[in-house]
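The values are calculated or read from the model by the stated rules, or taken from the named source; none is laboratory data. From a predicted model like this one, the values you see are computed outputs, not experimental measurements. In this analysis, Cβ positions are derived from the backbone assuming ideal geometry, glycine residues included, and neighbour counts consider all displayed protein chains. Please note that ligands, DNA and RNA were not included when accessible areas were found on the heavy atoms of the full protein model with its side chains. Shrake-Rupley method; radii C 1.70, N 1.55, O 1.52, S 1.80 Å.
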Amino acid sequence: MNDAFSELLAGVIRWFGDPAHWSGAGSIPAHTLKHVFYMLISTVIGALIALPIGIGLGHSGRGGLLAINITNIGRAVPSFGVIIFVFLLVGYGLVPVIVALVALAIPPMVTNSYVGMREVDPAVRQASKALGMTGWQRLTRVELPIAMPLIMAGVRTSAVQVMSTATLAAYVGLGGLGRYLIDGLQLRDMAQVLVGAILVALLAIVTELLLALLQRLVTARGLRGRQGSAE
Amino acid sequence: MTRRDATKEEEQGSSAIVFEGVSKRYPDGTVAVEHLDLTLPAGELTVLVGPSGCGKTTTLRMINRLENPSEGRLMIGEQDVMRIDATRLRRRIGYVMQHSGLFPHHTIADNIATVPRLLGWNKKRRRERVDELIELVGLEPSLASRYPHQLSGGQQQRVGLARALAADPPILLMDEPFAAVDPIVRHRLQQEFLDLQRRVQKTIVMVTHDIDEAMKLGDRVAIFEPGGAVAQFDTPSRLLAAPASDFVIDFIGADRELRRLALKRLDSLTLDSGLTAPFDEVVSRARSYLQQAGSGGIVVLDSDHAPLGWLGWEQLKRAGDATRLDALDLQPWRHRLYLHDNLRTALNALISAPGEVVPVVNDEGHYVGVIDRLQLTRQLV
């Protein structure tokens, strides 16, 4: 192991050890909270837009491919570009960041909820109708519970992506863990950059684990452990 | 129609299903059903059969409004189905499909209780009904808490039937209910289903493409031809005895006569008492029986009065006068015929029989008479 690397690691440990970094406005807890806040608000707004679209199209079976293609094109637009663009339109503030993150959050949730709804066995769909369920009952008692694992997988993908990308908020002067990356790069303080990177990675992993747990909780017992298996 | 059927119809007069000039056309111009006039009697099992694309499934699906007729009127008893709210109508009509269509996220018990829950039954009543149905369709009670994917195809099909019967609907629609299970399970399910129908007495409409199934299960069979018209609507025996067109003859198949035999049971005939001898008889006596009767052989019975084997004239001629019959080389029958067997089974047994007759026994295995080829042929006239 070379000296530069051990130097860097020592720097990181010193950074984490410094009590000044654990309280006050620019501290690790404060930036983490802000970061999580950006992620939550963007994912929730994204879900409010994406899930009704994906679920609605999947339920009716119409126009789904079009929606998926449009959201996939959206996926190709870089979030950084969106931030700059909206920043130029509305100026400083939360809006450019949230717009970019929401745009990032939407495609996986649209695609997954659409596919989840489409993959409900046509025989099951037909049975629910033939047994005399109303349209609403078919949606809420049969199709949604069956599609739930895939819908939640989409939410999970979006949330993790947004969690990592929320670092961009720092570029337009906001807080969040991106602060450490940008400040560190500017000051050539590699220890600080690494601290930021480690924290973002940790948050993404925690998000993944928490949502995986949530996904399990909302998946009906009869559906657990049989994804992809033949009937 | 028997007298029993007639009283049944009076009791449930409201649930005959009547198609009056019903057509179904799709926006793209395809005609699924063309001007259908058909009355499906209450309390009977009507089978709709025909090649694929003949409109039989569309016809079925119009009864619970999964499809709406483009023309004509469809009545259930005195009610026009188009005037009944579709979801309310469907809750009064059981529906069984080819792939059970069970809800994968619900337990077997919850699947069965689907319609009762929609109808707002309380928990206790639902649970009692589920227990009843699990027993009725021949499932293990322990399966109630399982999930559909843990069951075999045959078991799933039983659950599908239980779910359809849950709210005790007067009408039951079945769309190829036995097509997706293997032949052995299918035969058992069909048999059990017939027994079940005898007990529950519902107006049942079943779609199949399998003419054997149609003939076996249907009180009446409607044979559809391509283009969505009915080629003939009749009882199985009438269809076989008097097919209305070449299409019907073709569809029923070249083995029409065999199918006719399959519809009659041995106990519906007056059997010949036949020529028999007890196992401890001596050859000389047996010879004189045979000479008197002018028969080619004799059925030897054991001490329980069960057929032991066949003894032909050639064998008797060669044997010593005082030999007991059971000391001779008796020829056994490969098939044992019971009174409840049908005539097709009898013919099958006759083909491989050592003599010109086959003995028929009752449920206890006691000899009751013999059947021969002439008797069978007479049934086809």
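For segment B:25-107, the relative contact order comes to 20 percent (Cα pairs under 8 Å, sequence separation of at least 6). For segment A:1-125, the alpha-carbon radius of gyration amounts to 1.52 times the rule-of-thumb value 2.2 N^0.38 Å expected for a compact globular protein. The eigenvalues of the Cα gyration tensor, multiplied by 5 and square-rooted, give the protein assembly as shown an equivalent ellipsoid with semi-axes of 75, 31, 20 Å from largest to smallest.
Counting only DSSP beta bridges with both residues in the protein assembly as shown, the antiparallel share comes to about 55 percent. Extension gain, B:K123 to B:V282, is 49.9 nm, computed as 0.36 nm per intervening residue step minus the present C-alpha separation.
Placing a pseudo-label 7 Å from each Cα along the Cα-to-Cβ vector at B:A229 and A:I49 gives an inter-label distance of 5.9 nm. Long hydrophobic helices in chain A: the complete DSSP H runs spanning 27 Å or more by Cα along their own axis with mean Kyte-Doolittle hydropathy of at least 1.0 are A:28-60, A:94-118, A:144-165, A:190-218. Along segment B:19-33 the Karplus relation, 6.51 cos²θ - 1.76 cosθ + 1.60 evaluated at θ = phi - 60°, assigns HN-Hα couplings of 9, 10, x, 7, 10, 9, 10, 9, x, 7, x, 5, 9, 8, 9 Hz to successive residues, with x for each Gly and Pro.
Please report the net charge: other residues with Cβ closer than 14 Å to the Cβ of B:G312, K and R +1, D and E -1. Every neighbour counted, the sum reads 0. Summary of the geometry: segment B:311-363 and segment A:150-198, compared by the centres of their Cα atoms, lie 92 Å apart. Quick note on segment A:138-221: its Rg to Rh ratio, both from C-alpha atoms and Rh being the Kirkwood radius, is 1.20. Rolling a 1.4 angstrom probe over the protein heavy atoms with all chains in place gives segment B:70-171 an accessible area of 45 Å² per residue.
Amide H contacts of B:H99 (H built 1.01 Å from N, in plane; Pro and chain starts excluded): no residue 5 or more places away or on another chain comes under 5 Å.
Restricted to Cα atoms, chain A shows a radius of gyration and a Dmax of 21.4, 73 angstrom.
Counting Cα-Cα pairs of segment B:211-267 in 5 Å increments starting at 0 gives whole-percent bin shares of 4, 20, 34, 25, 11, 4, 1, 1, 0. Taking the radius of gyration and the Kirkwood hydrodynamic radius from Cα positions alone, what is the Rg/Rh ratio for segment B:80-122, to two decimal places? The Rg/Rh ratio comes out at 1.03. When chain A is treated as a Gaussian network with alpha carbon springs shorter than 10 Å, the biggest mean-square fluctuation among A:Y92, A:Y114, A:Y38 belongs to A:Y92. Per residue, the average separation of C-alpha pairs within less than 8 Å and at least 6 apart gives chain B a relative contact order of 15 percent. Under 5 Å between amide hydrogens, built in the peptide plane, is the criterion, and for B:I204 it picks out B:G43, B:E44, B:L45, B:T46, B:L172 among residues at least 5 positions away or on other chains. Residues A:S113, B:S152, B:S352, sorted by accessible area with the largest first, give B:S152, B:S352, A:S113 [1.4 Å probe; ligands and nucleic acids excluded]. The simple Förster model, with R0 at 41 Å and r as the Cβ-Cβ distance, assigns A:V95 and A:D121 a FRET efficiency of 0.45.
Close amide H contacts of B:G72 (hydrogens built in the peptide plane, cut-off under 5 Å, sequence separation of 5 or more or a different chain): B:S23.
Across the accessible surface of segment B:267-378, with the other protein chains kept in place and a 1.4 Å probe, carbon and sulfur atoms take up 46 percent.
A crude spin-label estimate for the pair B:E132 and B:S237, with each label 7 Å from Cα along the Cβ direction, gives 3.4 nm. Summary: within chain A, the longest segment free of trypsin sites (Lys or Arg not before Pro) located in DSSP loops with at most 11 other C-beta atoms within 10 Å is A:63-187.
Going by accessible surface with a 1.4 Å probe and the largest first, B:S142, A:S42, B:S303 read B:S303, B:S142, A:S42.
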